[in-house]
Amino acid sequence: MDSNNQSMFTRIVYGTLSAIAIVYITTQIFSFLGIGFDVYGIYIMYIVALALMYGFLPQNVGRMFN
């Protein structure tokens with residue numbers, strides 16, 4: 001295995017921790033500014049989904065479209 005490739009477990013942990021940090025920080029900032037979750041919630045869920053897909057999807061893909 002290449003030394004540059006991360007293990008699947010490491011990618012899942014990084015994705016999960018980054019999603020938790022993003023949700024916590026943004027909710028704190030927007031609650032300080034008085035903005036409700038209904039305004040920015042869909043964007044936060046989109047970023048969380050991207051972070052989780054980063055963790056679960058494989059890093060190397062096949063040659064299906066080459």
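The values are calculated or read from the model by the stated rules, or taken from the named source; none is laboratory data. Bear in mind the structure is a predicted one, so any value in this text is a computation, not a measurement. Here the Cβ positions follow ideal geometry from the backbone for every residue, glycine too, while neighbour counts run over all protein chains shown.
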Exercise. Of the residues ILE12, ILE22, which single one is surrounded by 14 or more Cβ atoms within 10 Å (Cβ to Cβ), modelled with pLDDT under 85 and in contact with a helix residue (DSSP H, G or I) (Cβ under 9 Å, 6 or more places away or on another chain)?
Worked result: ILE12
Seminar exercise, completed: Looking across region 48-66 at residues that are assigned to a helix (DSSP H, G or I) and of a type in the set (Phe, Trp, Tyr), the single one that is farthest from the chain's Cα centre (by Cα) is PHE56
For this session: Give region 29-47 a look and list any residue that's free of Cβ contacts under 8 Å to residues at least 24 places away in the same chain, surrounded by 11 or more Cβ atoms within 10 Å (Cβ to Cβ) and in a helix (DSSP H, G or I), or say none.
Result: ILE29, PHE30, SER31, PHE37, TYR40, GLY41, ILE44, MET45
